[in-house]
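Here is the structure we will look at.
The values are calculated or read from the model by the stated rules, or taken from the named source; none is laboratory data. Just so it is clear, the model here is predicted, and its values are computed rather than measured. Positions of Cβ are backbone-derived with ideal geometry, glycine not excepted, and every protein chain shown enters the neighbour counts.
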Amino acid sequence: MKSTLLRALAMLSIASLAACGGGSASLVPSSGASQASAGGSPFDAPAGTLRRVCANVPRGRYHCDMAIVAGARIPAGAIEHPQTAAAYLHRPGFYGPADLQQAYDVVAQAARRGAGVKIAVVDAYGYTQAASDLARYRKLFGLPACASCLRIINEHGQSSPLPPPNTNPNYDWRGEEALDVDMVTAVCPKCTVVLVQAQSDNDDDLESAVRAAANAGAVAISNSYSNDEEGASNSDYAIAGRTIVASAGDDGWGAQQPCSYASVICVGGTHLVPDARVKRGWDEVVWDGLNPKSNDCYGGPCATGSGCSAVVPKPSWQQLSSTAGCTMRNEVDVSADADPVTGVVVVCTPCADGGSPVMGYNGGTSESSPIVAGLIGLAENGGRFSPAQLWAKRGAANFNDVVSGRNDYGPVDGSCPQAYTYICVARVGYDGPTGWGTPHGLGGL
Amino acid sequence: MASAVCRTVVLGLTFALAAAAAAGADAAGSATIVNSGSTNFAGWKIAVTPAGAATLVIARRGVPEAGATPKPFAVSAAVAAQFFKDLAAAKAQGASVEPCMKSASFGSTTHVTWGSWSSPDLSCPPASDTATALSADIDAIRKASGLDTSQLHRGALTAATPAPSST
């Protein structure tokens, strides 16, 4: 009965549209342009209104005046015009190389180190415009053009054939690839980024890609992907002479792999803001987008991952009083900027589908993992750097301790374990969401 | 004047259709497709009736943004029929998929709910004919909705753009 009613209404509606001279784009969206004509982007507030991005932020977070002006539209390419770029770049959400290098105190090192060092980022599927997008990113931020900045190989270590892009939105990794490549070059401009494109996103292909990265000579290998924990160890993420780095995930408290393997440097996420009141010039708190007051993820939950592994035994180097309570591997070792609100610019032509490929507000632990991998490359330690060594170098001299924020809000994972709340709540010293903190220079890497 | 009348009639019928579709979203016969979105892209939710009446709303983890209004659209009879035929097969036989890794900040999940039945994450590679068929149906329905996924990125500068007034 209901079906009959719906069918009748549908037919009547479509007939009316035809009778009125054709379909109305404002009623039946058929393209981005028609969506815009129906009231703009899906994120638009009603025309003429001003929506604050970070109103009522708690103490310690960025106190900003940033707002979304409904209907305000920036012409494609405006951000790359010198006169207008200054209005956007180097602000939270629009960070670039200079901002990240300053925040992590590696400006001098980034200017002179990294030549000949290979840093790999492992991704799935192809990304045809990877080289031209990286060149555009470097030009945007004043980094010199270079032919050796990027090498692309498949999961077998060959430069051809590369896998085709997967343009189905359900499988599209090109935004991830752009972010990965841009972040490595941002913190280590002289390094060579080795983009390894697995044939697909299944475990076997990605593990082959990690091995290909190692065989290609990459000293640090970033993996911005995750899934549920499966095993206590995995030899593909424990390669002698190679430093494996991974994202803690964006779903709040709950360990994931490959990040929780004891052989992997697991990277959490922060909310990074300039702060002239402190000597460092920057301040960081936990990326805690699960807070329902936050607008970090379109009003929905997302926050840095953290956790106490369910399957990976506690390594000897984690046998500290500061990690009591969690009897298994404490997942996160170190962290870096990840909150999209304080995120970064990325150049990704296929992400824009004809619009400007220069996009701000990219983030997640997909940002923080390649940042840390790039910094490890900048340290020029030849791949001989492990999670154990990072823990041995803990302390204020090498890491910016992140002492505020938590990642257990919302409905995703429930409340933090009462026996060891540090696994989801920041504090002085080690904590789950940010590990030992964010890199302060290269001494801890 | 005639145009205004037409617009009023169409609007009324369309909203009636959307309301009817929405009301039937939980009833047996209707199906809901939810893409979770990710840190960097919003997700979406599409409700479809066997008659082909459908609505689209931008959502994250199935929860629409505050104030978001579902946009009605029509799915062709052939696509709707195939979708519900494939749903019935998947419900009876299962719809297995391969486990897959997700990009930490760009990966999303896609599930179909039909009555009390829910699919596995159809954004992973299908491992059965039923999952393959459902994935193809979802792709066709998403295309019919006119959803422009490039507009789902928070930083797309051709869409509404933050005016960074000060720090």
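Of these, A:ALA87, A:ALA115, A:ALA124, which one is surrounded by fewer than 18 Cβ atoms within 10 Å (Cβ to Cβ) and either within 14 Å of chain B (Cβ to nearest Cβ) or touching a Gly at 6+ places or on another chain (Cβ under 8 Å) (or both)?
Every option except A:ALA87 fails the conditions.
Just the residues that are more than 7 Å from chain A (Cβ to nearest Cβ), outside any helix (DSSP H, G or I) and at pLDDT 95 or above, please, taken from region B:73-110.
Those that are more than 7 Å from chain A (Cβ to nearest Cβ), outside any helix (DSSP H, G or I) and at pLDDT 95 or above: B:VAL75, B:SER76.
Could you tell me which residue of region A:393-419 is modelled with the highest pLDDT, considering only residues that are touching a strand residue (DSSP E or B) at 6+ places or on another chain (Cβ under 7 Å) and either over 21 Å from A:HIS271 (Cβ atoms) or of a type in the set (D, E, K, R) (or both)?
Top of the filtered list is A:ARG406.
Kindly indicate which of A:VAL267, A:VAL245 is of a type outside the set (Ser, Thr, Tyr), more than 12 Å from the chain's Cα centre (by Cα) and buried (at least 24 other Cβ atoms within 10 Å of the Cβ).
A:VAL245
List the residue pairs whose Cβ atoms are under 8 Å apart, where the first residue sits in region A:172-190 and is among the polar types (S, T, N, Q), the second is in a loop (DSSP other than H, G, I, E, B), and the two are 6 or more positions apart or on different chains.
A:THR185/A:LEU143; A:THR185/A:CYS149; A:THR185/A:CYS191
Inspect all residues belonging to region B:18-31 and state whether any of them is closer than 30 Å to A:THR304 by Cβ, in contact with a helix residue (DSSP H, G or I) (Cβ under 7 Å, 6 or more places away or on another chain) and at pLDDT 85 or above. Quick ask: steps written out before the conclusion?
We begin by selecting, within region B:18-31, every residue closer than 30 Å to A:THR304 by Cβ; these are none.
No, region B:18-31 contains no residue that is closer than 30 Å to A:THR304 by Cβ, in contact with a helix residue (DSSP H, G or I) (Cβ under 7 Å, 6 or more places away or on another chain) and at pLDDT 85 or above.
Mind listing just one residue for me: the one in region A:343-371 that is in a helix (DSSP H, G or I) and farther than 19 Å from B:ALA42 by Cβ and, of those, nearest to the other protein chains (Cβ to nearest Cβ)?
A:SER369
Scan region B:145-158 and give yes if some residue there is within 8 Å of chain A (Cβ to nearest Cβ), out of contact with any Phe, Trp or Tyr (no Cβ under 7 Å at 6 or more places or on another chain) and at pLDDT 85 or above, otherwise no.
no
Within the set of pairs 6+ apart or on separate chains, which have a first residue in region B:83-94 that is closer than 22 Å to B:ALA53 by Cβ, a second that is assigned to a loop (DSSP other than H, G, I, E, B), and C-beta atoms under 6 Å apart?
Once the first residue is closer than 22 Å to B:ALA53 by Cβ and sits in region B:83-94, its partners that are assigned to a loop (DSSP other than H, G, I, E, B) give B:PHE84/B:PRO50.
Of the residues in region A:231-269, how many are away from chain B (no Cβ under 14 Å) and under 25 Å from A:VAL106 (Cα atoms)?
5
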